[in-house]
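The structure appears right after this line, and notes come after that.
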There are 2 protein chains.
Amino acid sequence: MARSSELAALARLLGDDTRARFCLALLDGRAWTAGELATLAGVSASTASEHLGKLVAGGLLVERRQGRHRYVQLAGPRVAELLEGLVAHLEPAPERPASLRTSRVSAALARGRTCYDHLAGRLGVAITDALAARGLLDTTAGFALTSDGVDWLTGPLGISPEDLRSSRRPLAKACLDWTERRSHLAGLAGARICDRLLATGWIKRIGTHRAVTVTPAGTEALRTLLDLDLTQLQ
Amino acid sequence: MARSSELAALARLLGDDTRARFCLALLDGRAWTAGELATLAGVSASTASEHLGKLVAGGLLVERRQGRHRYVQLAGPRVAELLEGLVAHLEPAPERPASLRTSRVSAALARGRTCYDHLAGRLGVAITDALAARGLLDTTAGFALTSDGVDWLTGPLGISPEDLRSSRRPLAKACLDWTERRSHLAGLAGARICDRLLATGWIKRIGTHRAVTVTPAGTEALRTLLDLDLTQLQ
DNA sequence: GGGACTCTTCGGTGTGGGCCGAACCGTCGG
DNA sequence: CCGACGGTTCGGCCCACACCGAAGAGTCCC
């Protein structure tokens, strides 16, 4: 009984159009200022401030005051997973082909994007498939990195082994993609791969949002490292 | 933008105390009548009827009219996972010991319960641990049944192999437990194990809710099959 | 110090929606 | 055919809350 009211309170945080817009924007994993979010959602600064207060109090967001700015960010990977889990319920028509399902404005997002801290979209799925095809990732029942997979991350990809150790966070996790309706690699390994690809300049962000694109150097590198042909992705 | 309003609409379905109560009750996976839910939540029949209309229209519940009764049920395992995912966010205090965290009224639930269609609570975690200890389940990175695990399910446990084939549903999945704060086995395999243990009479439901208890025969069988000592569970 | 800027606080307004009771409709059983 | 019962529909009430503008607090820069 007590639990149901807590559940309702949590859901109510996301049950408002403006707050939902904030949270979806914040799914890019970066920090936004209160003013940016107000403009994005089309509400006044005072309204945005009240909403952010509720989201922070509810534990979905964390804030950092810096000068006259209030930066907010998702409180952690679990919040991001929660949001993507909810978003995954919003595409109840798996019948139509992907080319029709994705509108032109979101075409770049469908090609490749960050999902909180890992890669999603066709790029995320393609990398996941390539890892599975080379025996680096076991997707038969749940997602699990093979020992070859761990070696590949720390060897050719150049992730340091200590970056793959975490107290609590699972190494590999499946995250359901709402444009592809397929699982892609999340968890600590997914986040580190995304970090690494951004750091090497193999992928880069488009504009200020979640969309990412693969650079020519990245296309070549992924072909060498993963036998991955990304030419049809664009 | 369009997506955010859909997200808000979905969250709003769960953002009401009464509807949240309904959904948590329905997490036992069984069908309830409208009147039962109204009594449970302490609202009038007319109010309950309106809430159920919204939950069904929103795709969270499915209904079956039978005589003068309206039976409702969660629309599927994905809805159940969504709910448990939200509930998992409600225990943000992992510091206190479990014995203090669980109130007396929910002690039976903490011992063992069904989580939609699989087992949770200390029982669910104990079985998951036992499977892992015997090499039947790989929990190192994500959850994955080993081939020994599949053999054990279809052999000693007596699940027919075709019951373990599904078009879409993953065989093994990790489900986070809100009393134990540990993962336990969900997915198709988790559901079949629960079915089987109920069918053999090794576990049985307590009253009309989600709590289950292990019978003496079940205690003995699980000791034999899994080296699992359940005497301290009660 | 003064002006520009970001954000917060506080009244006040309007509306969405949760709730109930009363009336009504179907179903079941005698 | 009638009463009991489960569920639905409708009208009305009322509260929660999203929203804004105005005023104010804090920060930055000239």
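Conditions (1) at pLDDT below 90; (2) more than 22 Å from the chain's Cα centre (by Cα); (3) among the basic types (Lys, Arg), marked per residue:
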residue: A:Ala8; (1), (2), (3): no, yes, no
residue: A:Leu13; (1), (2), (3): no, no, no
residue: A:Arg19; (1), (2), (3): no, no, yes
residue: A:Arg101; (1), (2), (3): yes, no, yes
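Among the residues making up the range B:9-31, a single one is more than 9 Å from chain A (Cβ to nearest Cβ) and assigned to a helix (DSSP H, G or I): B:Leu26. Scanning the range A:1-12 for residues that are of a type outside the set (S, T, N, Q) and open to solvent by 20 Å² or more (accessible area, probe 1.4 Å) returns A:Met1, A:Ala2, A:Arg3, A:Glu6, A:Ala9, A:Arg12.
Counting only residues that are near DNA strand C (Cβ under 10 Å from one of its atoms) and either facing another protein chain (nearest Cβ under 10 Å) or under 23 Å from the mean Cα position of the chain (by Cα) (or both), how many does the range A:37-46 have? Residues flagged as near DNA strand C (Cβ under 10 Å from one of its atoms) and either facing another protein chain (nearest Cβ under 10 Å) or under 23 Å from the mean Cα position of the chain (by Cα) (or both) within the range A:37-46 amount to 3. Among (1) more than 14 Å from chain A (Cβ to nearest Cβ); (2) buried (at least 16 other Cβ atoms within 10 Å of the Cβ); (3) out of contact with any Lys or Arg (no Cβ under 6 Å at 6 or more places or on another chain), there is one condition B:Ala34 misses while meeting the rest; what is its number? So B:Ala34 meets the others, but not (3).
Tell me the residue from B:Ser49, B:Ser4 that is at pLDDT 95 or above and either within 29 Å of A:Phe22 (Cβ to Cβ) or within 10 Å of DNA strand C (Cβ to nearest atom) (or both), please.
Details: B:Ser4 fails: at pLDDT 95 or above.
Result of the check over B:Ser49, B:Ser4: B:Ser49.
Report those helices (runs of 4 or more DSSP H) wholly inside the range A:32-89 carrying at least 3 residues which are out of contact with any strand residue (DSSP E or B) (no Cβ under 7 Å at 6 or more places or on another chain) and within 16 Å of DNA strand D (Cβ to nearest atom).
A:34-41, A:45-57
Taking the listed residues A:Thr39, A:Thr18, A:Thr47, the one that is closer than 19 Å to B:Ser4 by Cβ, buried (at least 16 other Cβ atoms within 10 Å of the Cβ) and among the hydroxyl-bearing types (Ser, Thr, Tyr) is A:Thr18, with no other qualifying.
The values are calculated or read from the model by the stated rules, or taken from the named source; none is laboratory data. Predicted, not measured: the structure shown is a model, and the values here were computed from it. Cβ sites come from the backbone with ideal geometry, for glycine too, and all protein chains shown count toward neighbours. The area values use the complete protein model at the heavy-atom level, side chains included, leaving out ligands, DNA and RNA. Shrake-Rupley method; radii C 1.70, N 1.55, O 1.52, S 1.80 Å.
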